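The values are calculated or read from the model by the stated rules, or taken from the named source; none is laboratory data. Here the structure is a predicted model, which means the values were calculated and not measured. Virtual Cβ from ideal backbone geometry, glycine too; neighbours counted across all protein chains shown. Keep in mind that these areas ignore ligands, DNA and RNA; they rest on the heavy atoms of the full protein, side chains included. Shrake-Rupley method; radii C 1.70, N 1.55, O 1.52, S 1.80 Å.
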Amino acid sequence: MRRIYLDDARTTPVRPEVVQAMLPYFTDVFGNPSTIYACGQEAKGAIEEARSRVADLIGAGIDEIVFTSGGTEADNFAIKGVVHANESRGKHIITTPIEHHAVLETCHFLEENGCRVTYLPVDGNGLVDPAEVRRAIASDTVLISIMHANNEVGTIEPIAEIGKVAREAGVYFHTDAVQTAGHLPVNVDEMGVDLLSMSAHKLYGPKGIGALYIRKGTRLVTFMHGGEQERGRRASTENVPGIVGFGHAVALAGEEMSAEAERLTSLRNRLIDGLMEKIDHTRLNGHPTQRLPNNANVSIAYVEGESMCLNLDFDGICVSTGSACSSASTEPSHVMLALGMSPLEAHSSLRMSLGRWTTEEDIATVLEVLPRVVGKLRAMSPLLKNQ
Ligand SMILES: *Cc1c(COP(=O)(O)O)cnc(C)c1O
(Lines give C-alpha, C1' and ligand atoms only; values in the text may rest on other atoms or scores of the structure.)
Protein backbone atom coordinates (compact mmCIF):
# COMPACT_ATOMS: atom_id res chain seq x y z
CA MET A 1 0.00 0.00 0.00
CA ARG A 2 1.34 3.39 -0.98
CA ARG A 3 1.23 5.83 1.90
CA ILE A 4 -0.56 9.04 1.03
CA TYR A 5 0.83 11.75 3.26
CA LEU A 6 -1.39 14.85 3.43
CA ASP A 7 0.03 16.52 6.52
CA ASP A 8 2.76 18.77 5.14
CA ALA A 9 1.54 21.65 7.31
CA ARG A 10 2.72 19.67 10.34
CA THR A 11 6.03 18.50 8.91
CA THR A 12 7.58 17.47 5.61
CA PRO A 13 10.04 14.71 4.69
CA VAL A 14 13.59 15.88 3.98
CA ARG A 15 14.42 15.96 0.26
CA PRO A 16 17.02 13.32 -0.63
CA GLU A 17 19.25 16.01 -2.24
CA VAL A 18 19.14 17.89 1.05
CA VAL A 19 20.17 14.81 3.03
CA GLN A 20 23.10 14.32 0.63
CA ALA A 21 24.19 17.93 1.07
CA MET A 22 24.10 17.55 4.87
CA LEU A 23 26.02 14.28 5.19
CA PRO A 24 29.63 15.56 4.90
CA TYR A 25 28.98 17.98 7.76
CA PHE A 26 28.40 15.13 10.21
CA THR A 27 31.70 13.40 9.45
CA ASP A 28 34.35 15.13 7.29
CA VAL A 29 33.57 18.77 7.95
CA PHE A 30 32.67 18.34 11.61
CA GLY A 31 34.91 21.11 12.95
CA ASN A 32 33.62 23.76 15.29
CA PRO A 33 32.90 26.83 13.15
CA SER A 34 34.47 29.06 15.84
CA THR A 35 37.94 27.55 15.29
CA ILE A 36 40.64 28.88 13.00
CA TYR A 37 41.83 25.62 11.40
CA ALA A 38 40.59 24.47 8.02
CA CYS A 39 37.80 22.04 8.92
CA GLY A 40 36.28 24.63 11.26
CA GLN A 41 36.58 27.41 8.72
CA GLU A 42 35.02 25.20 6.05
CA ALA A 43 32.01 24.64 8.32
CA LYS A 44 31.87 28.38 8.96
CA GLY A 45 31.85 29.01 5.20
CA ALA A 46 29.00 26.56 4.71
CA ILE A 47 26.98 28.33 7.40
CA GLU A 48 27.50 31.69 5.72
CA GLU A 49 26.50 30.28 2.34
CA ALA A 50 23.29 28.91 3.86
CA ARG A 51 22.68 32.25 5.54
CA SER A 52 22.91 34.06 2.22
CA ARG A 53 20.46 31.59 0.64
CA VAL A 54 17.95 32.14 3.44
CA ALA A 55 18.42 35.92 3.19
CA ASP A 56 17.92 35.81 -0.60
CA LEU A 57 14.66 33.88 -0.29
CA ILE A 58 13.05 36.66 1.75
CA GLY A 59 14.85 39.73 0.39
CA ALA A 60 16.86 40.30 3.58
CA GLY A 61 20.46 41.27 4.25
CA ILE A 62 22.87 38.49 5.24
CA ASP A 63 23.50 39.97 8.68
CA GLU A 64 19.77 40.16 9.38
CA ILE A 65 19.37 36.35 9.61
CA VAL A 66 19.86 34.49 12.91
CA PHE A 67 19.63 30.70 12.89
CA THR A 68 17.46 29.22 15.65
CA SER A 69 16.34 25.73 16.65
CA GLY A 70 13.13 26.16 14.64
CA GLY A 71 9.98 28.20 14.23
CA THR A 72 9.05 28.02 17.90
CA GLU A 73 12.35 29.51 19.04
CA ALA A 74 12.17 32.19 16.34
CA ASP A 75 8.69 33.21 17.57
CA ASN A 76 9.79 33.22 21.23
CA PHE A 77 12.96 35.18 20.41
CA ALA A 78 11.09 37.79 18.35
CA ILE A 79 8.34 38.45 20.87
CA LYS A 80 10.19 38.20 24.18
CA GLY A 81 13.26 39.86 22.65
CA VAL A 82 11.39 42.95 21.45
CA VAL A 83 9.17 43.27 24.52
CA HIS A 84 12.09 43.05 26.95
CA ALA A 85 14.27 45.44 24.99
CA ASN A 86 11.55 48.08 24.75
CA GLU A 87 10.00 48.05 28.21
CA SER A 88 10.55 51.78 28.56
CA ARG A 89 8.21 52.34 25.61
CA GLY A 90 5.40 50.19 26.94
CA LYS A 91 4.16 46.65 27.41
CA HIS A 92 1.31 46.27 24.95
CA ILE A 93 1.28 43.57 22.25
CA ILE A 94 -1.26 43.15 19.45
CA THR A 95 -1.82 39.66 18.02
CA THR A 96 -4.67 37.39 16.91
CA PRO A 97 -6.41 34.38 18.45
CA ILE A 98 -5.46 32.19 15.46
CA GLU A 99 -1.67 32.31 15.90
CA HIS A 100 0.41 29.18 16.36
CA HIS A 101 0.87 28.11 20.00
CA ALA A 102 4.49 29.30 19.77
CA VAL A 103 3.15 32.86 19.56
CA LEU A 104 0.03 32.48 21.72
CA GLU A 105 1.74 30.75 24.64
CA THR A 106 4.55 33.29 24.54
CA CYS A 107 1.96 36.06 24.75
CA HIS A 108 0.17 34.29 27.63
CA PHE A 109 3.47 34.01 29.47
CA LEU A 110 4.15 37.71 28.99
CA GLU A 111 0.61 38.54 30.14
CA GLU A 112 1.32 36.74 33.40
CA ASN A 113 4.39 38.92 33.69
CA GLY A 114 2.76 42.29 33.37
CA CYS A 115 2.17 42.75 29.64
CA ARG A 116 -1.15 43.70 28.10
CA VAL A 117 -2.12 41.67 25.01
CA THR A 118 -4.90 42.48 22.53
CA TYR A 119 -6.19 39.48 20.59
CA LEU A 120 -7.82 40.98 17.50
CA PRO A 121 -10.94 39.27 16.23
CA VAL A 122 -10.80 37.59 12.81
CA ASP A 123 -13.74 37.19 10.41
CA GLY A 124 -15.44 33.91 9.54
CA ASN A 125 -12.75 33.20 6.92
CA GLY A 126 -9.95 33.88 9.38
CA LEU A 127 -8.94 37.28 8.00
CA VAL A 128 -7.59 40.10 10.16
CA ASP A 129 -8.79 43.61 9.26
CA PRO A 130 -5.85 46.05 9.03
CA ALA A 131 -8.21 48.85 10.18
CA GLU A 132 -8.77 46.89 13.40
CA VAL A 133 -5.02 46.70 13.87
CA ARG A 134 -4.79 50.49 13.53
CA ARG A 135 -7.59 50.99 16.06
CA ALA A 136 -5.91 48.66 18.56
CA ILE A 137 -2.61 50.57 18.60
CA ALA A 138 -2.12 52.54 21.83
CA SER A 139 0.68 54.76 23.09
CA ASP A 140 2.26 51.79 24.91
CA THR A 141 2.11 49.33 21.98
CA VAL A 142 5.54 47.88 21.27
CA LEU A 143 4.85 44.92 19.00
CA ILE A 144 2.33 43.56 16.51
CA SER A 145 2.64 39.82 15.81
CA ILE A 146 0.38 38.45 13.07
CA MET A 147 1.07 35.29 11.08
CA HIS A 148 1.52 35.34 7.30
CA ALA A 149 -0.68 32.30 6.74
CA ASN A 150 -2.57 30.14 9.18
CA ASN A 151 -1.36 26.57 9.54
CA GLU A 152 -4.82 25.07 10.15
CA VAL A 153 -7.24 26.80 7.79
CA GLY A 154 -4.68 28.18 5.34
CA THR A 155 -5.92 31.78 5.29
CA ILE A 156 -3.30 34.27 4.06
CA GLU A 157 -3.33 37.54 6.02
CA PRO A 158 -2.95 41.01 4.43
CA ILE A 159 0.55 41.41 5.84
CA ALA A 160 1.70 44.27 3.59
CA GLU A 161 -1.31 46.38 4.62
CA ILE A 162 -0.72 45.62 8.28
CA GLY A 163 2.96 46.44 7.73
CA LYS A 164 1.99 49.93 6.53
CA VAL A 165 -0.14 50.46 9.63
CA ALA A 166 2.72 49.34 11.88
CA ARG A 167 5.23 51.54 10.05
CA GLU A 168 3.00 54.63 10.32
CA ALA A 169 2.59 54.04 14.05
CA GLY A 170 6.28 53.27 14.60
CA VAL A 171 5.47 49.89 16.14
CA TYR A 172 7.62 46.78 15.57
CA PHE A 173 5.94 44.15 13.38
CA HIS A 174 6.65 40.41 13.57
CA THR A 175 5.17 37.77 11.29
CA ASP A 176 5.30 34.00 11.62
CA ALA A 177 5.96 32.94 8.02
CA VAL A 178 6.61 29.28 8.80
CA GLN A 179 3.79 28.18 6.48
CA THR A 180 4.67 30.50 3.59
CA ALA A 181 8.47 30.81 3.37
CA GLY A 182 9.59 28.62 0.49
CA HIS A 183 6.00 28.17 -0.69
CA LEU A 184 4.86 31.67 -1.61
CA PRO A 185 6.77 34.88 -2.35
CA VAL A 186 7.98 36.40 0.92
CA ASN A 187 9.77 39.76 0.88
CA VAL A 188 10.46 41.53 4.14
CA ASP A 189 10.47 45.02 2.58
CA GLU A 190 7.28 44.56 0.58
CA MET A 191 5.61 43.11 3.66
CA GLY A 192 6.95 45.86 5.90
CA VAL A 193 8.00 43.46 8.67
CA ASP A 194 10.79 43.92 11.21
CA LEU A 195 10.92 40.30 12.31
CA LEU A 196 9.98 37.09 10.48
CA SER A 197 10.06 33.45 11.62
CA MET A 198 10.90 30.46 9.40
CA SER A 199 11.35 26.73 9.94
CA ALA A 200 13.25 24.24 7.75
CA HIS A 201 11.06 21.19 8.36
CA LYS A 202 8.05 22.87 6.77
CA LEU A 203 9.94 23.25 3.48
CA TYR A 204 11.57 19.82 3.00
CA GLY A 205 14.54 20.56 5.24
CA PRO A 206 15.47 18.93 8.57
CA LYS A 207 13.71 19.38 11.90
CA GLY A 208 15.30 21.42 14.66
CA ILE A 209 16.54 24.32 12.54
CA GLY A 210 14.93 27.60 11.59
CA ALA A 211 15.68 31.29 11.39
CA LEU A 212 14.57 34.65 12.63
CA TYR A 213 14.91 37.64 10.33
CA ILE A 214 15.73 40.74 12.38
CA ARG A 215 15.62 44.05 10.51
CA LYS A 216 18.77 46.10 11.03
CA GLY A 217 18.26 48.54 13.88
CA THR A 218 15.58 46.49 15.66
CA ARG A 219 16.07 46.59 19.42
CA LEU A 220 15.89 43.08 20.78
CA VAL A 221 17.22 41.28 23.86
CA THR A 222 19.16 38.04 23.43
CA PHE A 223 18.00 35.14 25.54
CA MET A 224 20.61 32.50 24.70
CA HIS A 225 23.68 33.78 26.53
CA GLY A 226 27.09 32.18 26.07
CA GLY A 227 29.49 32.30 23.16
CA GLU A 228 29.69 34.83 20.39
CA GLN A 229 27.90 32.74 17.75
CA GLU A 230 25.39 34.46 15.44
CA ARG A 231 27.08 37.82 16.19
CA GLY A 232 26.28 37.40 19.85
CA ARG A 233 22.55 37.14 19.25
CA ARG A 234 22.23 33.39 19.82
CA ALA A 235 24.93 31.51 21.68
CA SER A 236 25.61 27.77 21.20
CA THR A 237 27.73 25.82 18.72
CA GLU A 238 25.91 25.98 15.41
CA ASN A 239 23.85 23.05 14.09
CA VAL A 240 26.04 22.91 10.99
CA PRO A 241 24.40 19.98 9.15
CA GLY A 242 20.96 21.41 9.93
CA ILE A 243 21.92 24.87 8.71
CA VAL A 244 23.43 23.43 5.50
CA GLY A 245 20.28 21.36 4.92
CA PHE A 246 18.08 24.39 5.55
CA GLY A 247 20.09 26.41 3.02
CA HIS A 248 19.80 23.71 0.36
CA ALA A 249 16.08 23.22 0.96
CA VAL A 250 15.56 26.98 0.69
CA ALA A 251 17.49 27.22 -2.59
CA LEU A 252 15.47 24.37 -4.14
CA ALA A 253 12.19 25.79 -2.84
CA GLY A 254 12.98 29.19 -4.34
CA GLU A 255 13.61 27.70 -7.78
CA GLU A 256 10.47 25.58 -7.84
CA MET A 257 8.10 27.81 -5.92
CA SER A 258 5.88 29.29 -8.60
CA ALA A 259 5.42 26.09 -10.63
CA GLU A 260 4.79 24.08 -7.47
CA ALA A 261 2.28 26.58 -6.08
CA GLU A 262 0.33 26.38 -9.33
CA ARG A 263 0.39 22.57 -9.37
CA LEU A 264 -0.72 22.33 -5.74
CA THR A 265 -3.50 24.89 -6.15
CA SER A 266 -4.99 22.86 -8.95
CA LEU A 267 -4.75 19.56 -7.01
CA ARG A 268 -6.15 21.21 -3.90
CA ASN A 269 -9.11 22.66 -5.80
CA ARG A 270 -9.84 19.26 -7.28
CA LEU A 271 -9.81 17.79 -3.78
CA ILE A 272 -12.08 20.46 -2.29
CA ASP A 273 -14.54 20.41 -5.21
CA GLY A 274 -14.60 16.62 -5.18
CA LEU A 275 -15.32 16.43 -1.45
CA MET A 276 -18.10 19.03 -1.67
CA GLU A 277 -19.66 17.11 -4.54
CA LYS A 278 -19.38 13.62 -3.07
CA ILE A 279 -20.13 14.24 0.62
CA ASP A 280 -23.23 16.21 1.59
CA HIS A 281 -23.11 18.66 4.52
CA THR A 282 -19.47 19.49 3.81
CA ARG A 283 -18.18 23.04 4.11
CA LEU A 284 -14.85 24.64 3.41
CA ASN A 285 -13.04 26.26 6.34
CA GLY A 286 -10.83 29.30 5.83
CA HIS A 287 -10.80 31.78 2.97
CA PRO A 288 -12.04 30.44 -0.40
CA THR A 289 -9.26 32.10 -2.42
CA GLN A 290 -6.80 33.85 -0.05
CA ARG A 291 -5.42 30.53 1.12
CA LEU A 292 -2.24 28.45 1.03
CA PRO A 293 -1.94 26.54 -2.27
CA ASN A 294 -1.64 23.23 -0.43
CA ASN A 295 -4.35 23.61 2.22
CA ALA A 296 -7.77 21.95 2.12
CA ASN A 297 -9.70 22.18 5.37
CA VAL A 298 -13.32 21.02 5.51
CA SER A 299 -15.94 20.28 8.14
CA ILE A 300 -17.98 17.19 7.44
CA ALA A 301 -21.13 17.27 9.55
CA TYR A 302 -22.20 14.33 11.75
CA VAL A 303 -18.77 12.68 11.83
CA GLU A 304 -15.86 13.12 14.18
CA GLY A 305 -12.57 14.31 12.72
CA GLU A 306 -10.66 11.89 14.86
CA SER A 307 -12.69 8.89 13.64
CA MET A 308 -12.14 9.95 10.02
CA CYS A 309 -8.46 10.40 10.74
CA LEU A 310 -8.04 6.94 12.22
CA ASN A 311 -10.12 5.28 9.48
CA LEU A 312 -8.13 7.00 6.75
CA ASP A 313 -4.97 5.79 8.43
CA PHE A 314 -6.13 2.18 7.87
CA ASP A 315 -5.94 2.99 4.17
CA GLY A 316 -2.50 4.59 4.54
CA ILE A 317 -3.77 8.16 4.33
CA CYS A 318 -2.33 10.68 6.83
CA VAL A 319 -4.43 13.78 7.58
CA SER A 320 -5.13 16.07 10.56
CA THR A 321 -8.28 17.12 12.35
CA GLY A 322 -9.33 20.29 14.16
CA SER A 323 -8.88 18.58 17.48
CA ALA A 324 -5.23 17.67 16.99
CA CYS A 325 -5.52 14.20 15.46
CA SER A 326 -4.81 11.44 17.98
CA SER A 327 -2.33 13.66 19.77
CA ALA A 328 -2.70 14.58 23.43
CA SER A 329 -5.41 17.21 23.10
CA THR A 330 -9.11 16.66 22.51
CA GLU A 331 -9.92 20.33 22.90
CA PRO A 332 -11.42 21.81 19.76
CA SER A 333 -8.89 23.87 17.84
CA HIS A 334 -8.55 27.48 19.03
CA VAL A 335 -8.40 28.52 15.38
CA MET A 336 -11.75 26.96 14.49
CA LEU A 337 -13.41 28.54 17.53
CA ALA A 338 -11.96 31.97 16.66
CA LEU A 339 -13.53 31.63 13.20
CA GLY A 340 -16.89 31.35 14.95
CA MET A 341 -17.38 27.62 14.55
CA SER A 342 -19.10 25.55 17.24
CA PRO A 343 -17.04 22.92 19.09
CA LEU A 344 -19.04 20.27 17.18
CA GLU A 345 -18.10 21.79 13.81
CA ALA A 346 -14.49 22.05 14.92
CA HIS A 347 -14.48 18.38 15.94
CA SER A 348 -15.80 17.39 12.51
CA SER A 349 -13.04 19.17 10.61
CA LEU A 350 -10.32 17.61 8.54
CA ARG A 351 -7.17 19.31 7.30
CA MET A 352 -5.41 17.90 4.27
CA SER A 353 -2.16 19.65 3.41
CA LEU A 354 -0.59 18.57 0.13
CA GLY A 355 3.08 18.45 -0.73
CA ARG A 356 5.62 18.06 -3.48
CA TRP A 357 5.07 14.31 -3.72
CA THR A 358 1.27 14.47 -3.82
CA THR A 359 -0.02 13.16 -7.16
CA GLU A 360 -3.30 13.26 -9.06
CA GLU A 361 -3.77 9.57 -8.22
CA ASP A 362 -3.41 10.36 -4.52
CA ILE A 363 -6.22 12.89 -4.76
CA ALA A 364 -8.35 10.42 -6.71
CA THR A 365 -7.75 7.80 -4.00
CA VAL A 366 -8.76 10.19 -1.21
CA LEU A 367 -11.90 11.12 -3.15
CA GLU A 368 -12.77 7.46 -3.27
CA VAL A 369 -11.83 6.45 0.27
CA LEU A 370 -13.07 9.43 2.30
CA PRO A 371 -16.71 9.36 1.09
CA ARG A 372 -16.76 5.64 1.92
CA VAL A 373 -15.34 6.30 5.41
CA VAL A 374 -17.86 9.09 6.04
CA GLY A 375 -20.74 6.88 4.85
CA LYS A 376 -19.67 4.13 7.22
CA LEU A 377 -19.23 6.47 10.20
CA ARG A 378 -22.53 8.23 9.60
CA ALA A 379 -24.32 4.89 9.42
CA MET A 380 -22.76 3.92 12.75
CA SER A 381 -23.89 7.06 14.56
CA PRO A 382 -27.48 7.84 13.49
CA LEU A 383 -28.00 9.60 16.84
CA LEU A 384 -25.44 12.24 15.99
CA LYS A 385 -27.38 13.03 12.82
CA ASN A 386 -30.59 13.72 14.75
CA GLN A 387 -28.96 16.37 16.95
C1 LIG B 1 5.20 24.39 12.58
C2 LIG B 1 4.92 25.80 12.92
C3 LIG B 1 5.66 26.46 13.93
C4 LIG B 1 6.68 25.76 14.77
O5 LIG B 1 7.87 25.49 14.08
P6 LIG B 1 8.90 24.42 14.70
O7 LIG B 1 10.07 24.50 13.79
O8 LIG B 1 8.19 23.09 14.67
O9 LIG B 1 9.21 24.86 16.09
C10 LIG B 1 5.38 27.79 14.17
N11 LIG B 1 4.44 28.44 13.47
C12 LIG B 1 3.73 27.85 12.50
C13 LIG B 1 2.71 28.64 11.76
C14 LIG B 1 3.93 26.51 12.20
O15 LIG B 1 3.20 25.92 11.25
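Expressed in nm to one decimal, what extension gain is obtained for the pair ILE62 and ASP280 from 0.36 nm per residue of sequence separation less their Cα-Cα distance?
Between ILE62 and ASP280, full extension yields 73.3 nm more.
Students often check this: by mean Cβ neighbours within 10 Å, which of 300-312, 148-160, 264-276 ranks highest, and how do the rest follow?
148-160, 300-312, 264-276
What is the range 22-145 by shape, rounded, prolate or oblate, if you read a ≥ b ≥ c off the alpha carbon gyration tensor as root eigenvalues and call it rounded for a/c under 1.5, prolate for a/b larger than b/c, and oblate otherwise?
prolate
GluC sites (Glu not before Pro) within the range 60-110: which are DSSP loop residues with at most 16 other Cβ atoms inside 10 Å?
Here the sparse-neighbourhood loop sites are GLU87.
Can you pull the percent of the range 83-184's accessible area that's carbon plus sulfur, 1.4 Å probe, other chains left in place?
50 percent
Below 13 Å, Cα to Cα, which aspartates and glutamates can LYS202 reach? Residues fewer than 8 away in the same chain don't count.
Answer for LYS202, where 13 Å is the Cα cut-off: ASP7, ASP8, ASP176, listed by chain and number.
At what distance in nm do the modelled label points of ASN187 and ALA169 sit from each other, each positioned 7 Å from its Cα along Cα→Cβ?
2.5 nm
Output the peptides 89-96, 41-48, 170-177 sorted from most to least packed, where packing is the average of other Cβ atoms within 10 Å over each peptide's residues.
Peptide ranking by packing, descending: 170-177, 89-96, 41-48.
Given LYS164/LYS207; LYS207/LYS278; LYS91/LYS164; LYS91/LYS207; LYS44/LYS164, which pairs have Cα atoms separated by over 30 Å?
Working: LYS164/LYS207 33 Å; LYS207/LYS278 37 Å; LYS91/LYS164 21 Å; LYS91/LYS207 33 Å; LYS44/LYS164 37 Å.
Correct reply: LYS164/LYS207; LYS207/LYS278; LYS91/LYS207; LYS44/LYS164.
Contact order normalised by length for the range 4-149, with contacts defined as Cα pairs under 8 Å and 6 or more residues apart; what percent is it?
Across the range 4-149, relative contact order equals 19 percent.
What accessible area, in Å² to the nearest ten, does a 1.4 Å probe give for TYR25?
Roughly 50 Å² of TYR25 is accessible to a 1.4 Å probe.
How many nm is it between the label spots at GLU105 and GLU368, if each spot is 7 Å from the Cα in line with the beta carbon?
4.1 nm
At 0.36 nm per residue, minus the direct Cα-Cα distance, what do GLU361 and ALA235 gain on full extension? Give it in nm, one decimal, please.
Stretched fully, the GLU361-ALA235 segment lengthens by 40.7 nm.
Given the options ASP28, ASP362, ASP313, state which has the largest fluctuation in a GNM of the chain using a 10 Å cut-off (strictly under) for Cα springs.
ASP28
Could you tell me whether the range 106-168 comes out rounded, prolate or oblate from its Cα gyration tensor? Rule is a ≥ b ≥ c as square roots of the eigenvalues, rounded for a/c under 1.5, then prolate if a/b exceeds b/c, otherwise oblate.
Judged from the Cα gyration tensor, the range 106-168 comes out oblate (a/c at least 1.5, b/c at or above a/b).
Between GLU48 and VAL19, how many nm apart are label points set 7 Å from Cα along the C-beta direction?
3.1 nm
If the cut-off is a Cα-Cα distance under 17 Å, which aspartates and glutamates reach LYS376, setting aside same-chain residues fewer than 8 apart in sequence?
Answer for LYS376, where 17 Å is the Cα cut-off: ASP280, GLU304, GLU306, ASP313, ASP315, GLU368, listed by chain and number.
Based on the alpha-carbon gyration tensor of the range 16-252 and its eigenvalue square roots a ≥ b ≥ c, which shape applies: rounded if a/c is under 1.5, prolate if not and a/b is larger than b/c, or oblate? List each step's numbers first, then the result.
Numbers: a/c = 2.25, a/b = 1.66, b/c = 1.36.
Prolate, because a/c is 1.5 or more and a/b exceeds b/c.
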